[in-house]
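Here the structure is laid out as structure tokens; the discussion comes afterwards.
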Amino acid sequence: MSRKEDNFTKSTTSPYKKIKDMPTPTLSKNNTLTPILSKKEDVYKVLGKWLYLKDSDYEVIDIFIASVLDRKILGDPIWLFIVAPSGGTKSELIRSVKNFPGTYSLSSLTSKTLISGKKIKVFGLAQKLDCTVLLIKDFTIILDLPSAERSEIFAQFRDIYDGYIEKAFGNFPEPIRIKCKMGLIAGVTPAIDHYQKIQTTLGERFLKVRMHTIDKLGVLKASRNTGHEVEMRKEIGRAVKQFLMDLRPKKIELTEEQRKVIVDCATYISLMRTWVYVKYGYRGEIIEINPADPESPTRVVKQLTKLANLLAVVRGHDKIEDDDLETIKRVSRDTGIPKRQRVVEALIKHNCSAIISLLAGTSKLNFKTVKQEVEKMESLGMLVSHEDTEDTSCCFTDEFIKLSNVVNSKLTEENLR
């Protein structure tokens, strides 16, 4: 993910800066860990000691911990992609809860991992995964599998999200049906954004949160950790697991006003990640476009509602606060197609109406890419455009501008100043 694409992943608030002066748990001379107070700020401190984290990444930690708690309260599961470049700390974050009660960790899987049959026995992990949170360090490996194998895995995922997996085998008289309801957290590189059609076949069951791009300071910190990896993982794992053990997840109700915000965020996601089929000419122009029907936001609204609840638990709130909703808005921006989000942000900076050449300059995308994305967004009813001899102008529809004002509220406010 480029530095420009990371612009829209940053938190609008930054309550994480006070952690730098806090004591850090360390290994004593007999190689045992000193006691850790189970406070969220202590987790930040330990992670910040070993990993290169920017302010917006501490918000990712909250989202991650909230997702680990997914099976602790009732409701449809949260499935989360943590998107970051290779070496971007996502693996260490996921590794920190390996072997934590209620989680199951896999490096990769095949179409036979979850369910398979041989003679008179059924094998697979599906039964073991029921009521757990599955951790996958690198989902990119699955994306690179042959298409038939990948399609079979995705079909199994679709079933599991609905609470069971069912498969027929020639040596069994009836299809095998196994109950399995699980949460899922997977690390993945920004390559996931090039598989938008594949994500659509998966049924759009994943939320996304994006971490920063590693820079020179991050490489320097990784270098300093050389030879201390075992110590680092013990310390990070102990801090995160102790904090998780001390949490008491509970159901927290939304106010009607908060519920409306969540609904707007879910509707925004459904538009921002809908894949639109297009056919391009030899110059890159769109010569055929099939108007798409955006996904129904009924599934994602449940995920966002549950995530807001668990964020409040992680942050020690008795009710859902404004900062919890701001994090939900951040997830809503991160879950969409990055190019589409950059076009939206560019339009906001031009008071929601501009010509494509201006949008290209503001978004740092090339003219052809912006023009293609504008046409796709128009087919989804997000904006309207008018083409003249020199350029194409476009503006948000009245309906979409209401959604954008909610999800991109901070950017809109800044633009009005």
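Read-outs throughout are calculated quantities, based only on the coordinates presented, and are distinct from any laboratory measurement. Worth saying up front: this structure is predicted, and the values here are computed from it rather than measured. Cβ sites come from the backbone with ideal geometry, for glycine too, and all protein chains shown count toward neighbours.
Among D334, D264, D55, which comes first, then next, by fewest other beta-carbon atoms within 10 Å?
Going from sparsest to densest Cβ surroundings: D55, D264, D334.
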Multiply the residue gap between D318 and S147 by 0.36 nm, knock off their C-alpha separation, and tell me the result in nm, one decimal place.
-> 56.9 nm
Tell me, how many Å apart are the Cα centres for segment 368-402 and for segment 182-257?
-> 34
If R0 = 30 Å, then K364 and K402, at their Cβ-Cβ distance, give a FRET efficiency to the nearest 0.05 of 0.65
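Using only C-alpha atoms and all pairs of different ones, pull out the Kirkwood radius for segment 256-416 in Å with one decimal.
Values: mean 1/r = 0.0603 Å⁻¹.
16.6 Å is the Kirkwood radius here.
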Quick one: if you stick a label point 7 Å off each Cα along the C-beta vector at R259 and L106, how many nm between them?
-> 3.6
What FRET efficiency comes out for the pair E231/N99, r = Cβ-Cβ distance, R0 = 25 Å, nearest 0.05?
-> 0.90
Anything over 23 Å Cα to Cα? Flag those among K90/K234; K128/K208; K40/K241, in the order listed.
-> K128/K208
Cβ-based exposure ranking for I328, I142, in which fewest neighbours within 10 Å come first = I142, I328
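How much length is gained on full extension from Y282 to D246, taking 0.36 nm per residue of separation minus their Cα-Cα distance?
Working: separation 36, 0.36 × 36 = 12.96 nm, distance 5.95 nm.
That pair, Y282 and D246, stretches by 7.0 nm at full extension.
Work out how much length H350 to K216 would gain on full extension: take 0.36 nm times their residue separation and subtract the Cα-Cα distance, in nm to one decimal.
Numbers: separation 134, 0.36 × 134 = 48.24 nm, distance 3.31 nm.
Result: 44.9 nm gained on full extension.
Would you mind ranking S409, S107 so that the residue whose beta carbon has the fewest other beta carbons within 10 Å leads the list? Present the calculation step by step, with values, prior to reporting the outcome.
Working: S409 15, S107 10.
Lowest to highest Cβ neighbour count: S107, S409.
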Hey, got the dipole for segment 191-305? About the Cα centre, +1 on K and R Cβ, -1 on D and E Cβ, debye to the nearest 20?
-> 500
